[in-house]
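Each remark here refers to the structure printed beneath this line.
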Amino acid sequence: MKVAVIGAGKVGSIIVKGALRNNIDVIIGSRSGKSSLEDVKGYSINEALALADTIVIAIPGSETSRFFFEYKEKLIGKVIIDVTNDIKSKPFHHAKDAIGLRYVRAFSMLGFEVMASPILDGQQVDMLYVANETEQEITEKLILATGLRPILIGGIDKADIIDNILHLWGTLAAQYKSRYIAFKVLGLTDILPQND
């Protein structure tokens, strides 16, 4: 598995660092072709898409539709993990732009601060995600690499549920004036994959 993170801002950098800690082959793709992280090689977006089989889209949400329009042909056959939130549109996700692709929605329902330190009140934070069956193993490997616990909601037809969770997270963050809020699903300990 070779992962290309397109746009290594806050969330993208968390994913890259988790991949590095877990010996996952990872590169960064950007318009400049440069990496924002010392230990990771940077490539142009076209180069990164050609080199990797798993693509993490970690660009601003408002640019995601244009990204799919511009690069869709180069994304065919690859696992596409969309971590973006286009909060000025409904829905926040871009599943409609990814029809025909191996699209996943993950890393998009929590603040980056929690993803960077995924233990709150002594408990591992859960990352809820949606993916079709053929994309689940790769997605869970990346989620576990960041220290989060993967919780599958269902197939990509459930993408709107992730938006609802994000909306709930944002409402709670505003109400309690804290971005250090996360979710924990109980009762699945013996069923879910665990961090080693």
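Summary table
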{"quantity": "Residue order for VAL40, VAL11 - accessible surface, 1.4 angstrom probe, largest first", "calculated": "VAL11, VAL40"}
{"quantity": "Listed peptides 154-160, 81-87 by packing density, highest first (mean Cβ within 10 Å)", "calculated": "81-87, 154-160"}
{"quantity": "Label assignment, Cα extents along the principal axes in Å derived from the structure, set [x] 49, 49, 38; [y] 60, 30, 19; [z] 41, 36, 33", "calculated": "[z]"}
{"quantity": "The range 40-96, accessible surface, carbon-and-sulfur percent (1.4 angstrom probe)", "calculated": "57 percent"}
{"quantity": "LEU172 paired with GLU70, simple spin-label distance in nm, labels 7 Å along Cα-to-beta-carbon", "calculated": "3.6 nm"}
{"quantity": "Å³ per residue enclosed by the Cα convex hull of the range 123-196", "calculated": "96 Å³"}
{"quantity": "The chain: most fluctuating residue of THR54, THR146, THR171 per GNM, C-alpha cutoff 10 Å", "calculated": "THR171"}
{"quantity": "Cα pair distances in the range 1-69, grouped into 10 Å bins until the bin that holds the longest one, percent each", "calculated": "23, 60, 16, 1"}
{"quantity": "Per residue accessible area of the chain, 1.4 Å probe, in Å²", "calculated": "50 Å²"}
{"quantity": "Förster radius 25 Å - calculated FRET efficiency between SER32 and GLN123, Cβ distance, rounded to 0.05", "calculated": "0.05"}
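The values are calculated or read from the model by the stated rules, or taken from the named source; none is laboratory data. Note that the structure is predicted; figures quoted are calculated from it, not measured. Cβ coordinates were reconstructed from backbone atoms using ideal geometry, including for glycine residues, and neighbour counts include every protein chain displayed. These area figures cover heavy atoms from the full protein model, side chains too; ligands, DNA and RNA do not enter into them. Shrake-Rupley method; radii C 1.70, N 1.55, O 1.52, S 1.80 Å.
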